[in-house]
Amino acid sequence: MQDKINTFMDEVRSRNGHEPEFLQAVQEVAETVIPYIASQEIYNGKNILLRMVEPERAITFRVPWVDDDGEIHVNRGYRIQMNSAIGPYKGGLRFHPTVDMSILKFLAFEQTFKNSLTTLPMGGGKGGADFDPKGKSDDEIMRFCHSFMSELFRHIGPNTDIPAGDIGVGGREIGFLFGMYRKLRNEFTGVLTGKGLTWGGSLIRPEATGYGTVYFAENMMKTKNDSFDGKTVVISGSGNVAQFAAEKALHLGAKVVTLSDSSGYILDEDGIDEEKLEFVMTLKNEKRGRISEYIDTYSNAKFFEGETPWEVPCDIALPCATQNELNGEDAQKLLENGCICVSEGANMPSMPEAIAEFHKAKILFAPGKASNAGGVATSGLEMSQNSLRMSWSSEEVDNKLKDIMNDIHEKCLEYGDDGNGFTDYVKGANIAGFVKVADAMLAQGVV
């Protein structure tokens with residue numbers, strides 16, 4: 001079987017050898033899905049996975065914009081339309097200097113499985129630009145977004161491709177992008193999700209990824225007759241996902257002790273309560289400050305510059321920052337310090353050697369394609385509300401989100417149970433996500 005996996009990866013590598021993040025994502029899926037394919041006659045010989053790893057469309061374009069001093073800048077924009085077998089492409093836009101084809105293809109590939117797991121009719125896509133919003137004025141952000149959308153609008157639509165936000169693309173950016181799309185197309189449609197509540201957005205959308213990450217972890221804990229109550233939780237990141245993961249963990253009775261950003265992490269052994277979390281939300285969302293400023297207000301806390309929080313003793317770890325932020329040594333530290341559950345809030349934050357350590361120790365580990373699917377699930381609910389021209393209450397959306405996360409967990413149990421009391425959630429998520437897309441591709445022929 002390993003020979004089959006190696007042969008497959010050799011072929012993928014020959015076409016994508018300069019794209020390490022994409023190859024990492026494909027390798028992780030291939031390790032679990034190829035043995036499953038070999039055991040199912042219906043998929044044998046159809047090269048389904050090989051067709052899945054090739055984007056249906058990969059678009060790159062120039063994005064010229066003018067700064068406040070009148071200087072012209074040029075960035076590169078992207079949209080990867082990975083797979084539309086079960087619905088229109090769906091996935092976020094990321095504005096960050098590290099954005100390139102490898103990162104977006106890995107994200108789009110993961111998105112295909114993630115969207116499949118939600119049970120909603122959404123294909124996989126991802127996009128963005130190597131533009132850094134940090135330090136830019138609102139006018140500069142607006143000019144960039146308008147220039148970006150002046151090309152992207154040709155390739156998206158409510159029944160074709162529905163982008164959303166991601167790192168560097170929040171409510172402000174979605175507003176500017178939607179405004180230009182509406183002007184160019186002369187229509188008001190649900191083509192972007194994450195919109196403002198007064199113009200087609202959904203309640204619970206900002207909270208959804210963080211909430212969903214905790215809901216999934218809660219389901220995993222229940223399989224061990226355990227809960228968040230009284231547990232110590234370590235969280236990386238301090239953006240939307242981390243903020244609302246912390247909020248939901250607090251609601252469930254946990255003690256959250258860390259948050260981080262690219263400058264380092266803060267440790268508050270007294271616990272980051274709701275008042276302190278509100279301070280962080282204001283600091284990061286409105287003032288766009290650094291997490292280190294937390295200790296200026298809460299002097300009992302400590303700031304560890306340039307470090308990640310995985311050395312802090314905890315029961316539950318929620319990596320909510322970015323890809324490959326947690327390595328093998330970090331995993332060993334977590335295990336040595338008593339961690340029993342890891343639920344990924346970011347996309348592929350755990351490196352392969354870290355996942356191997358978690359599996360070896362047989363702790364509860366949820367891959368991002370399952371545990372952080374709450375964001376895109378609620379984006380799907382926003383699409384439904386836009387199509388119906390109506391809005392659901394916070395309680396309605398939250399209940400639907402819980403149901404979706406419960407369903408994803410059940411699917412992971414179905415395909416990931418090893419028969420000896422251990423659930424491989426990576427295997428479960430990969431196979432469950434694969435089956436729905438593969439069956440649709442088989443039904444539609446070679447297209």
Starting at the first residue of segment 339-347, write each ³J(HN,Hα) from the Karplus equation 6.51 cos²θ - 1.76 cosθ + 1.60 with θ = phi - 60°, in whole Hz, x for Gly and Pro.
5, 10, 8, 10, 10, 7, x, 8, 8
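Ranked from highest to lowest mean number of other Cβ atoms within 10 Å per residue, what is the order of the peptides 55-61, 350-356? List each step's numbers first, then the result.
Numbers: 55-61: 16.6, 350-356: 19.1.
Highest mean packing first, the order is 350-356, 55-61.
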Mind computing the radius of gyration and Dmax over the alpha-carbon atoms of the chain? Å is fine for both.
21.0, 65
May I ask you to evaluate 6.51 cos²θ - 1.76 cosθ + 1.60, the Karplus curve with θ = phi - 60°, for each residue of segment 374-381 and list the ³J(HN,Hα) values in order in whole Hz, giving x for glycine and proline?
x, x, 5, 4, 6, 4, x, 5
q = 0.17 Å⁻¹: log10 I(q)/I(0) that the Debye formula gives for segment 314-447, counting C-alpha atoms only:
-0.98
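For segment 57-187, what relative contact order do you get, as a whole percent, if you take Cα pairs closer than 8 Å and at least 6 residues apart?
Working: 259 pairs, mean separation 38.2, N = 131.
The normalised contact order for segment 57-187 reaches 29 percent.
Quick check on my link table: of 248/427; 195/402; 114/195; 222/427, which ones sit more than 23 Å apart, alpha carbon to alpha carbon? List each step's numbers first, then the result.
On the way: 248/427 27 Å; 195/402 21 Å; 114/195 21 Å; 222/427 20 Å.
Violating the 23 Å limit, Cα to Cα: 248/427.
Starting from the alpha-carbon convex hull of segment 2-52, give the projected area averaged over all orientations, in nm².
On the way: hull surface 13.3 nm².
That works out to 3.3 nm².
Run the dipole for segment 206-362 about the Cα centre, Lys and Arg Cβ at +1, Asp and Glu Cβ at -1, nothing else charged, and hand back the magnitude in debye, nearest 20.
On the way: 14 positive and 27 negative charges, 76 e Å.
The calculated dipole for segment 206-362 is roughly 360 debye.
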Per residue of segment 9-20, in order, report the coupling 6.51 cos²θ - 1.76 cosθ + 1.60 (Karplus, θ = phi - 60°) as ³J(HN,Hα) in whole Hz, putting x for Gly and Pro.
5, 4, 5, 5, 5, 5, 9, 10, x, 9, 10, x
Range of Cα positions in segment 23-72 per principal axis (Å), largest first
62, 19, 11
Proximal aspartates and glutamates relative to residue 255, as straight alpha-carbon distance under 14 Å, when same-chain residues fewer than 8 apart are discounted:
229, 247, 268, 269, 270, 273, 274, 275, 315
Would you look at the GNM of the chain, springs on alpha carbons closer than 10 Å, and say which of 85, 30, 301 moves the most?
301
Between residue 46 and residue 185, what is the spin-label point distance in nm, taking each point 7 Å from the Cα along the Cα→C-beta axis?
3.2
Highest to lowest packing among 329-342, 227-240, 364-377, scored as the average C-beta count within 10 Å
364-377, 227-240, 329-342
Rg/Rh ratio calculated on Cα atoms of segment 57-187 (Kirkwood radius)
0.97
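Where a number appears in this text, it was derived from the coordinates with a stated rule and is not lab data. Quick caveat: nothing in here was measured; it's all calculated off a predicted structure. Because the Cβ atoms are built from the backbone with ideal geometry, glycine has one as well, and the counts that use them run over all protein chains shown.
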